[in-house]
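Beneath this line is the structure, given in structure tokens, with notes to follow.
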Amino acid sequence: MSAPELDSLRAELLAAIAGACDLGALEDVRVGALGKKGRVSALMQRLGSMPPEERRDFGQAVNALKTAVAEALEVKQQELASAATAERLADETADVTLPVREGPLAEGRIHPVSQVTDEITEIFADMGFSIAEGPDIETDFNNFTALNIPPEHPARQDHDTFYFAEKPDGTRPLLRTHTSPVQIRTMLKEKPPLRIIAPGRVYRCDSDQTHTPMFHQIEGLVIDEDTHLGHLKWVLQEFCRAFFEVPEVKMRFRASHFPFTEPSMEVDIGYAKVGDEIRIGEGDRWLEILGCGMVHPNVLKAVQLDPKKYQGFAFGLGIDRIAMLKYGMPDLRAFFSGDLRWLKHYGFSPLAVPTLAAGLSR
Ligand code: PHE
């Protein structure tokens, strides 16, 4: 290759470098010139087969070409890289004066039923109760028979039970109609003294403005050797005061009947209606919130406890009901319709965990 040819190759390569529009195109030029099979590299390989007198001059010329191309590549590479950075910077501006977009923690809401369940749990935990659980699908024995509701007992009709298909052994599982079967599970599993609450879902085939086929209850059970009605009354009074966050709650214990307690009572709390607002602790209106009583001897016998030695009390509280009361939510069905607007309005911040020390509902 003659000197003019070398010059024109040099001009061609430098022009290609200058014309490369991005880092990818520049790399193609580099490979085409200086790569293993590149045109400059091919000239270097030719050196070996040249007569010594030509080799010196040609070698120097090719080396100079190689250096010039490498330098031009280097300069262009830096130029393109900083242009790419400048372009990204211009593209990705962040306006730090914009308001922060809210993340899931700020936007998400805790459902009032979950909130109220936590509030109730917190109060009873403070009184030394522990939490028990049972499944939604129950046996007939736990939901009825062991609770002194034998087959053919009229109370079974009151419960509007959802039954499953009969199993080969003749038993029929059901959706529990109350949380009371957790009493049975607890007494079969643990020895007294017992002090538990059991929150959960319950099901009844019933639906109108104040009833939904699924709702929530919280069961309480205390079994010991000298537990009496006075304890029950005190526990419920303390609970209502703490839950409604007022110094005094008007309560009415009304004689009632449940097969699994004797005596049995229903508890109403007094409230006033001022305009649309409900005020607990004043006024002369009454609202029923729970059923309770002393555990029936037949229930104790069903779980092999001696009624002469052990007594206790139980109560069952409607969670949805007292949530409506406390937070002034008028329609029970809205609880379960999954309407985001409702949840945004009545829901609770996930970071405001209810505690007795900091306040249950902030
Ligand atoms: N299980 C009863 C109900 O669902 C409530 C209750 C529980 C009553 C415990 C007395 C004792 O209506």
Extreme residue, nearest to LEU340 (Cα to Cα), among residues of the range 98-132 that are over 19 Å from the mean Cα position of the chain (by Cα) and open to solvent by 50 Å² or more (accessible area, probe 1.4 Å):
ARG101
Count of the range 1-19 residues which are within 60 Å of the chain's Cα centre (by Cα), in contact (Cβ under 8 Å) with a residue 40 or more places away in the chain and open to solvent by 40 Å² or more (accessible area, probe 1.4 Å):
1
Note down all Cβ pairs under 7 Å where the first residue falls in the range 292-307 and is among the polar types (S, T, N, Q), the second is open to solvent by 10 Å² or more (accessible area, probe 1.4 Å), and they're at least six residues apart or on different chains.
ASN298/ASN148
Of the conditions (1) in contact with a Ser or Thr (Cβ under 6 Å, 6 or more places away or on another chain); (2) within 30 Å of GLY103 (Cα to Cα), PHE258 fails just one. Which one is it?
(2)
Tell me which residues, restricted to the range 320-362, are closer than 25 Å to ILE269 by Cα, surrounded by fewer than 12 Cβ atoms within 10 Å (Cβ to Cβ) and not small (Gly, Ala, Ser).
PRO330, ASP331, ARG362
Of the residues that sit in the range 165-186 and are touching a helix residue (DSSP H, G or I) at 6+ places or on another chain (Cβ under 7 Å) and β-branched (Val, Ile, Thr), which one is most open to solvent (accessible area, probe 1.4 Å)?
THR171
Within the range 251-304, restricting to residues that are within 16 Å of ILE322 (Cα to Cα), within 36 Å of the chain's Cα centre (by Cα) and charged (D, E, K, R), the one that is farthest from the ligand (Cβ to nearest atom) is GLU277
If I go through the range 122-150 residue by residue, how many of them are over 16 Å from GLN217 (Cα atoms) and among the acidic types (Asp, Glu)?
2
Cβ pairs under 9 Å, 6+ apart, first in the range 83-98 and in contact (Cβ under 8 Å) with a residue 24 or more places away in the chain and closer than 27 Å to LEU26 by Cβ, second outside any loop (DSSP other than H, G, I, E, B) and of a type outside the set (Asp, Glu):
ALA84/LEU23
Condition check for PRO154: within 15 Å of the ligand (Cβ to nearest atom), over 28 Å from the mean Cα position of the chain (by Cα) and open to solvent by 20 Å² or more (accessible area, probe 1.4 Å):
yes
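Residue-wise test of (1) more than 60 Å from the chain's Cα centre (by Cα); (2) open to solvent by less than 40 Å² (accessible area, probe 1.4 Å).
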{"residue": "CYS21", "(1), (2)": "no, no"}
{"residue": "LEU26", "(1), (2)": "no, yes"}
{"residue": "LEU43", "(1), (2)": "yes, yes"}
{"residue": "GLU54", "(1), (2)": "yes, no"}
{"residue": "GLU92", "(1), (2)": "no, no"}
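Residue by residue, here is whether (1) more than 26 Å from ASP136 (Cβ to Cβ); (2) free of Cβ contacts under 8 Å to residues at least 12 places away in the same chain; (3) touching a Gly at 6+ places or on another chain (Cβ under 7 Å); (4) within 12 Å of the ligand (Cβ to nearest atom) holds:
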site: ARG185; (1), (2), (3), (4): no, no, yes, no
site: PRO192; (1), (2), (3), (4): yes, no, no, no
site: ILE197; (1), (2), (3), (4): no, no, yes, yes
site: ALA242; (1), (2), (3), (4): yes, no, no, no
Among the residues of the range 311-318, is any open to solvent by 30 Å² or more (accessible area, probe 1.4 Å) and touching a helix residue (DSSP H, G or I) at 6+ places or on another chain (Cβ under 9 Å)?
yes
ASP276 - would you say it is touching a residue at least 24 places away in the same chain (Cβ under 8 Å) and exposed (fewer than 14 other Cβ atoms within 10 Å of the Cβ)?
yes
When (1) within 14 Å of ALA70 (Cβ to Cβ); (2) at pLDDT below 90; (3) among the hydrophobic types (A, V, I, L, M, F, W, C) are applied to ILE17, the one that fails is (2)
Counting only residues that are open to solvent by 40 Å² or more (accessible area, probe 1.4 Å) and out of contact with any helix residue (DSSP H, G or I) (no Cβ under 6 Å at 6 or more places or on another chain), how many does the range 212-229 have?
7
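The values are calculated or read from the model by the stated rules, or taken from the named source; none is laboratory data. Bear in mind the structure is a predicted one, so any value in this text is a computation, not a measurement. Cβ: placed from backbone, ideal geometry, glycine included. Neighbour counts: every protein chain shown. Each accessible area value is taken on the protein alone, full model and side chains, heavy atoms only, with ligands, DNA and RNA left out. Shrake-Rupley method; radii C 1.70, N 1.55, O 1.52, S 1.80 Å.
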